[in-house]
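Visitor: One structure coming up, written as structure tokens, with questions to follow.
Nothing in this text is a laboratory measurement; each read-out follows from the coordinates by a stated rule. Just so you know, these numbers come straight off a predicted model, no measurement behind them. Positions of Cβ are generated from backbone atoms using ideal geometry, with glycine treated the same way; all protein chains shown enter the neighbour counts.
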Amino acid sequence: MNQTDPDSIDELSAALQQCGYYADRRLATAVFLALRLQRPLLLEGEPGVGKTELAKALAEVLARQLLRLQCYDGLELREALYEWNYSAQLLHMRAAEGHAQAEQIEREVYQERYLIHRPLLQALQAPAPGAVLLIDEVDRADEPFEAFLLEYLGEYQVSIPELGTVRAEVAPVTILTSNRTRELNDAVKRRCLYHWLDYPERERELAIVRAQVPQAPAELTRQVAEFVSRVRGAPYAGSFQRMPGIAESVEWARALVALDTLNLDPEVVTDTAGILFKQREDVAALTRDLAAELLAPAPTE
Ligand SMILES: Nc1ncnc2c1ncn2[C@@H]1O[C@H](COP(=O)(O)OP(=O)(O)O)[C@@H](O)[C@H]1O
Ligand SMILES: [Mg+2]
């Protein structure tokens, strides 16, 4: 906990919102607790629900440096943690040859200054107030990488064979995200606070689109939020393979403004379907009839 860290959930929500991020109460609570308890926070959810964006906004709120590690299959420690600057080591060895004992040279080339710091190590060594470390899309990494993360997640430390244990002076605020393409290791989950990030409810999405596309007419923005929320809800959700995320809603609103649209109609909806959906089957599924149905006033409202 830092002196400047928000000291209530409301304060945190308000600060995030000032940075353009709209969090609901449950998410704000999870983030607040992660800060207070100094625990990593694992955010799981569909693509486009605001997982990555949260880490960015949080770094801004806390005025901490954001360090980002994008995970992928085959991610190696030398990209995540550290690697030795091999060419600098070689130069050093060349220069020292003939002047020093082999053992001494070996000691010298394994000094910190020949170490290239990657995001995890940078996070551990960041001076006060510390860093925000985003370990993004951890479900894309392989299991050995997850296993490697355990020491960091549990104790904010890592072991480097040549140097020993590096421990954080200030616990980095650590956010892991997962699109849940596979189940994460239980041991990783146990070391984190967990939050499932869902699509926003209509009012929140409306606020986000309003904030990001202020040039859109208020009525159009309302229709966009309503339409997207219906697409994601029963009984329509089953018609599509991939639901539009918040980024798609925002982009759709921008596109509609560019087309001078004042009101949604089935034609403009199907003409712009490629902005909401990124799968051929989903674009095809959004027929004019379905669009008309989605645009019809709800009987219960
Ligand atoms: N709660 C939110 N408040 C404001 N904008 C948001 C929010 N959630 C998502 N967005 C917008 O949606 C975009 C996609 O979110 P992102 O964080 O990349 O999704 P994810 O990482 O979950 O796939 C962001 O760039 C941002 O513009
Ligand atoms: Mg993301």
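Visitor: Relative to the longest principal axis of the C-alpha atoms of the chain, give the angle of the C-alpha long axis of helix 9-18, reported between 0 and 90° and rounded to the nearest 10°.
Guide: Relative to the chain, helix 9-18 is tipped by roughly 80 degrees.
Visitor: Work through the residues other than Leu66 whose Cβ is under 10 Å from its Cβ and net out their charges, Lys, Arg +1 and Asp, Glu -1.
Guide: Working: positive: Lys56, Arg64, Arg68; negative: Glu60.
Every neighbour counted, the sum reads +2.
Visitor: If you fit an axis through the alpha-carbon atoms of helix 143-155 and take the longest principal axis of the Cα set of the chain, what angle between them do you get, 0 to 90°, nearest 10?
Guide: 80
Visitor: Is there a quick way to get the dipole size of segment 1-155? I mean about its Cα centre, with the Cβ of Lys and Arg at +1 and of Asp and Glu at -1; what is the value in debye to the nearest 20?
Guide: Details: 14 positive and 26 negative charges, 96 e Å.
So the dipole magnitude of segment 1-155 works out to roughly 460 debye.
Visitor: Indicate, rounded to the nearest 5 percent, the antiparallel portion of the DSSP beta bridges found entirely in the chain.
Guide: Details: 7 of 25 bridges.
The antiparallel proportion sits near 30 percent.
Visitor: If we sort 38-51, 114-127, 14-27, 89-102 on the protection proxy, mean other Cβ atoms within 10 Å, highest first, what's the order? Provide the component values of the computation, followed by the final result.
Guide: Numbers: 38-51: 20.6, 114-127: 18.8, 14-27: 16.7, 89-102: 11.9.
For the peptides 38-51, 114-127, 14-27, 89-102, the packing ranking is 38-51, 114-127, 14-27, 89-102.
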